[in-house]
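These notes are about the structure you will find just below.
Taken together, the values in this text are just the output of simple stated rules run on the coordinates, not laboratory data. Keep in mind it's a predicted model, so treat the numbers as computed, not measured. Here the Cβ is made from the backbone with ideal geometry for all residues, glycine too, and neighbour counts use every protein chain on show.
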Amino acid sequence: MDLSDKKFKITAKRLETLHQLGIYTTDDLLMYYPYRYEEIIVSQFADWKIKDKVWFEAEVVSLPKSWRKGRLMMTTFQVRVEDEIINVTIFNRPWTKNLRLNQILTIQGIYQGKSKVTAISYDTKGIAEHVGITPVYSIKEGIRQKTLQTIIQSVFSQIQDEIVDDIPSSLRAAYRLLPLKQAYRQIHMPNSQQEIQSAVRTLKYAEFLRYFTTIQLLHTSEGVRIVKQPKIFSSKKLDQAIHALSFEMTIDQKETLNHILDDMGSTHTMYRLVQGDVGCGKTVVATLALYACVLSGYQGAMLAPTEILARQHYETVNGLLEQFHVKTEVIYAGLSSAKKKEILEKVASGQVDILIGTHSIIQDSIAFHKLGLTIADEQQRFGVNQRRALKDKGNQVDFLLMSATPIPRTLASSLFGDMDVSTIETMPKGRIAPITSLIKENSFRSVLPSVKELLDAGRQLYVICAAVDENEEYHARNVYDTTDSIQKLFPQYRVSYLHGRMSPEEKKSIMDAFADNQIQILVSTTVVEVGVNVVNATGMIIYDADKFGLSQLHQLRGRIQRSNQQGYCWLLTNSQEEKVTQRLEVLVKTNNGFEISYEDLRLRGPGDILGTRQSGVPDFILGNIVEDTAMINQARKDAQMIIKSPDNPDYQILIESVHQRNAKNAVYTD
């Protein structure tokens, strides 16, 4: 139910703020879980230790004084606790000026020693009214914790009898799970830690069961195992292409290629994921698979997430296969209308063997003569609808996904359901892992001599920013200002910038100039994250590294691991949070993409990694795919059982619930 319904009496301003949190419906609200809980434990002043979080009741004994310090508004006042006078400082609370002398407050803060407290929050209730467990939610400016708590409690009280419990009763009884209505109450309004634990257990299982039920429906509707005509090709000609490579394929590359060729030569359509670390050689394997497809009399298609990567794939594929008289073309938005028309006509008539492109390949206007294999690179960047549309351009087409964000085999086999998974772990010879350093300030002045040395040696440098331009709501170094400051710092070098808002022509011009070393320093957003291959670029500075996921940082770092020269990556952050430091230290300690993505999954969840966000597949909010392996495997088995018996009345509510939850995004049930 939409939260704008008048019966909920939520003001337009509050609705707007809820929308900023991604909350539009009652389902969204109920599944906006607390990220932690406050359990008030009152201690005597004599027992306070420096850096302790303290709760205390106090009397105001001096009126507040406020002033601005940069972007912050600081307010100080004094209170009496027991027989002690405490100096309280609080930030960005303009309403603090309304405090009165002798007013009683309950204050939560951090004790700084010497009778000083930095307040986190306060209210005018007595400490006795705060006993219990209080949920704490992730919020944005414009909505307070108490306001969000009140909205959740009010909405829940109005709709609790309408909550549909989609967990089959047989499974709920077998695993001693709570009814969903009770689980929502306990996670948002708990009376004890035990209530929280039992609610989390129930809601985790519900997430996993919905996920795998959706995946099972997806595979069923896409006909993953449809019978097809085997693709027959000349092994001798394929071997000639392999021998023509300028390097020897790794063991994992050979094994993965054999898996793909076996699938293509079988009587069932291929639905395989090839995952491997940055630079492991997936594109070579994909190119050979495309060649096998062409040898069998079919066309191949390759879908890339960016124009930069599409053109790079074209250069790789065409460079390897042109000598074998394979006609390859690339299509993207930046081409002239005449050139596009010419390519499309050749694709439709069969004169083009392999077509590489971005989303433009999915357009209805593109018709293939005889499509036999589609490959989607960086699969997590494409929604289910897009992959489905590409696959539907041919009859019983083999389908291959590629991902440079690898996860351990056991997790991959669980999470990707019935999809076959091939993993390339061994790296090509001669690749040198970049040296990564964590700089605990958002400046590289401490390593400036090293950066100068790299540039003086004739190497090139990436500088990565989290924002394109200055934004009051998102505090991060931006591309435009950084380009100006870097150019002033290094006047002897040409500095330029790159970001996603630029036209295709502009982006191509900049990347070509960088590849030709006409630009020595490229300031960019994450548009260079995937596929950019400039072997002379061996340095990378990443501002605001804490704003990126580990796997994304590892992808970015992969841009300076393209040759046999030593690369250097400097991660900059102003964050003083211990968790942030620990997370970024993972990149300092290892260059193994499997270890990094595993840690990313543990810390951040699967949405960005697996491509479930905005793709129609339900994401995990509470479930952790690293820590909840046993529950994951059980939920997967249960989902398989449910899909095998869709007419079982006990399963009907779940199946219908999955359909409704994904109706906006997915085409699972065509």
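When you count, for each residue, the other Cβ atoms within 10 Å and take the mean per peptide, how do 190-198, 249-257 rank with the highest first?
Packing order, densest peptide first, comes out as 249-257, 190-198.
List every residue whose amide H lies under 5 Å from the amide H of Ala537, counting only residues 5 or more places away in sequence or on a different chain, with H placed 1.01 Å from N in the peptide plane.
Here the answer is Gln460, since their amide H atoms fall under 5 Å of that of Ala537.
If you count, for each residue, the other Cβ atoms within 10 Å and average over each peptide, how do 60-67, 96-103 line up from highest to lowest?
60-67, 96-103
Order these peptides, 516-525, 287-296, by their mean beta-carbon neighbour count within 10 angstrom, highest first.
Values: 516-525: 20.2, 287-296: 24.0.
Peptide ranking by packing, descending: 287-296, 516-525.
Using the Cβ atoms and a cut-off under 12 Å, what net charge is assigned to the surroundings of Gly265, where Lys and Arg are +1 and Asp and Glu are -1?
Around Gly265, the surrounding residues sum to -1.
Using just the helices of the chain, give the 222 nm mean residue ellipticity in deg cm²/dmol: DSSP H runs with n ≥ 4 each add -39,500 (n - 2.57), and the total is spread over all residues, rounded to 500.
That comes out to -11500 deg cm²/dmol.
Enumerate by residue number the GluC sites (Glu not before Pro) in region 115-163 meeting two conditions: DSSP loop (anything except H, G, I, E, B), and at most 10 other Cβ atoms within 10 Å of the site's Cβ.
Loop-located and lightly packed - Glu141.
Here is the link list: Lys53/Lys146; Lys228/Lys370; Lys97/Lys125; Lys393/Lys508; Lys237/Lys429; Lys440/Lys589. Which ones come out longer than 22 Å on Cα distance?
Table pairs above 22 Å Cα-Cα are Lys393/Lys508; Lys237/Lys429.
Restricting to Cα pairs below 8 Å that are 6+ residues apart, what does the relative contact order work out to for region 93-229? Please round to a whole percent.
Normalised by residue count, the contact order of region 93-229 is 15 percent.
Expected output is a single nm value to one decimal: the length gained when fully extending between Tyr35 and Asp5, i.e. 0.36 nm times separation in residues minus the C-alpha distance. What is it?
8.1 nm
If I take every Cα pair under 8 Å that is 6 or more residues apart in the chain, average their sequence separation and divide by the length, what percent do I get for the relative contact order?
13
With r as the distance between the Cβ atoms of Asp650 and Thr150 and R0 = 51 Å, compute the FRET efficiency 1/(1 + (r/R0)^6) and round to 0.05.
In this case the efficiency is close to 0.90.
May I ask you to derive the FRET efficiency for Trp67 and Gln112 from their Cβ-Cβ distance with R0 = 25 Å, giving the value to the nearest 0.05?
Calculated value: 0.85.
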